[in-house]
1. Please tell me if residue 159 is modelled with pLDDT of 95 or more and closer than 18 Å to residue 73 by Cβ.
2. Could you list, in sequence order, the residues of segment 29-51 that are assigned to a loop (DSSP other than H, G, I, E, B) and surrounded by 14 or more Cβ atoms within 10 Å (Cβ to Cβ)?
3. Kindly state which helices (runs of 4 or more DSSP H) lie completely within segment 55-144 and contain at least 3 residues that are farther than 22 Å from residue 416 by Cα.
4. Across segment 173-184, which residue is nearest to the chain's Cα centre (by Cα) among those that are more than 17 Å from residue 208 (Cα to Cα) and surrounded by 13 or more Cβ atoms within 10 Å (Cβ to Cβ)?
5. Go through segment 378-428 residue by residue and tally those that are surrounded by 20 or more Cβ atoms within 10 Å (Cβ to Cβ), touching a strand residue (DSSP E or B) at 6+ places or on another chain (Cβ under 8 Å) and either free of Cβ contacts under 8 Å to residues at least 24 places away in the same chain or within 20 Å of residue 217 (Cα to Cα) (or both).
6. Only one of these conditions is not met by residue 57: (1) exposed (fewer than 11 other Cβ atoms within 10 Å of the Cβ); (2) within 17 Å of residue 128 (Cβ to Cβ). Which number is it?
7. For segment 335-355, which positions are touching a strand residue (DSSP E or B) at 6+ places or on another chain (Cβ under 6 Å) and under 21 Å from residue 75 (Cβ atoms)?
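The values are calculated or read from the model by the stated rules, or taken from the named source; none is laboratory data. Just so you know, these numbers come straight off a predicted model, no measurement behind them. Here the Cβ positions follow ideal geometry from the backbone for every residue, glycine too, while neighbour counts run over all protein chains shown.
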């Protein structure tokens with residue numbers, strides 16, 4: 001039996017009313033984004049709570065992640081739950097067109113996708129009335145007051161997994177302690193990524209008996225998919241040229257990466273950089289940067305092959321990171337030379353790549369600390385340092401192999417935590433948590 005939740009605060013009631021009043025404007029904004037990405041009208045209306053597919057018969061668990069990263073992080077967990085409970089079905093919701101496209105390719109059987117309803121009373125009510133989820137599992141920082149309160153009132157058991165909140169978000173919530181405690185009280189279980197998040201949620205009023213330090217779910221994910229035929233084709237083009245990757249780069253980082261590659265080319269004229277921007281739509285802009293630097297390039301999005309004279313292969317496509325991590329043994333992870341927070345090191349670690357990063361990795365602080373402790377990652381702060389480290393790893397086979405082995409050992413640890421998290425969630429789903 002669920003414990004009785006706290007009483008709604010005045011601020012929550014103000015939020016609920018404000019969201020109702022702003023609903024037309026919010027719908028205008030989100031529908032324009034979805035339409036821009038070619039989402040059909042039937043699916044766009046999922047954001048208003050109108051289902052576009054039939055509800056499966058039997059128990060249903062609802063998982064919600066905001067976008068691609070959060071959604072993909074829970075796929076292994078979903079598979080673990082479905083393997084343990086053949087009667088379960090899963091509904092995944094997210095808010096972006098990109099996440100819907102990628103999930104359609106990666107979801108397991110007995111799993112369906114819908115766009116999440118706006119956090120407005122009407123759309124949420126329609127969503128809950130139709131889907132009647134037995135449990136709702138929210139991922140990362142997805143704390144939507146109306147969704148949580150209304151789902152709890154409808155008898156849906158709730159959990160927050162992989163919990164992670166920015167300092168700014170925590171400071172904002174702490175200004176309203178009664179409301180933050182009320183919202184967090186909707187959860188039957190909260191599993192955080194690390195101790196810092198657990199401490200922050202405790203300060204926000206999270207119920208101590210339902211708060212636990214869990215694991216970063218990105219460490220439990222399966223290796224990224226690889227198109228083996230395409231991998232063989234690209235290896236044919238690239239041969240035995242020295243290769244390295246700059247992955248998930250952001251504006252202001254590509255310039256530094258290209259300077260580093262120029263330094264690599266001075267010692268290894270045949271070297272090739274595979275440049276994978278975080279946002280592929282910036283491909284044309286980055287191609288101009290490459291040309292300005294005086295380097296030759298080929299663009300993946302234009303089906304241009306990495307011919308022998310190509311110095312930079314611009315991988316401006318989505319969903320092919322596994323392909324790039326299979327090709328090269330050295331990777332620089334972007335979002336880390338600027339104060340962005342860094343990106344997921346578990347993905348390249350699973351492929352045994354030697355990992356380089358900038359100093360700004362606040363999104364994965366404990367992960368990078370643990371990886372650095374076993375020499376599975378090295379930190380650079382400038383283009384010169386990046387070029388120097390790439391050169392060392394190209395020429396020093398033993399050092400590169402040691403980093404590769406350390407990264408793979410580190411990645412294997414996450415798999416061991418998956419069964420524990422699945423067991424915790426089954427207790428919530430079955431009402432025993």
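1. yes
2. Once the filter is applied, which keeps residues that are assigned to a loop (DSSP other than H, G, I, E, B) and surrounded by 14 or more Cβ atoms within 10 Å (Cβ to Cβ), segment 29-51 yields 39, 49, 50, 51.
3. Here the list reads 97-106, 121-131.
4. 173
5. Here the count works out to 4.
6. Only one criterion is unmet by residue 57, namely (2).
7. 343, 345, 348
This table checks each residue for (1) touching a strand residue (DSSP E or B) at 6+ places or on another chain (Cβ under 8 Å); (2) more than 26 Å from residue 351 (Cα to Cα).
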residue: 223; (1), (2): no, no
residue: 228; (1), (2): no, no
residue: 248; (1), (2): yes, no
residue: 266; (1), (2): no, yes
residue: 276; (1), (2): yes, no
residue: 287; (1), (2): yes, yes
residue: 290; (1), (2): yes, yes
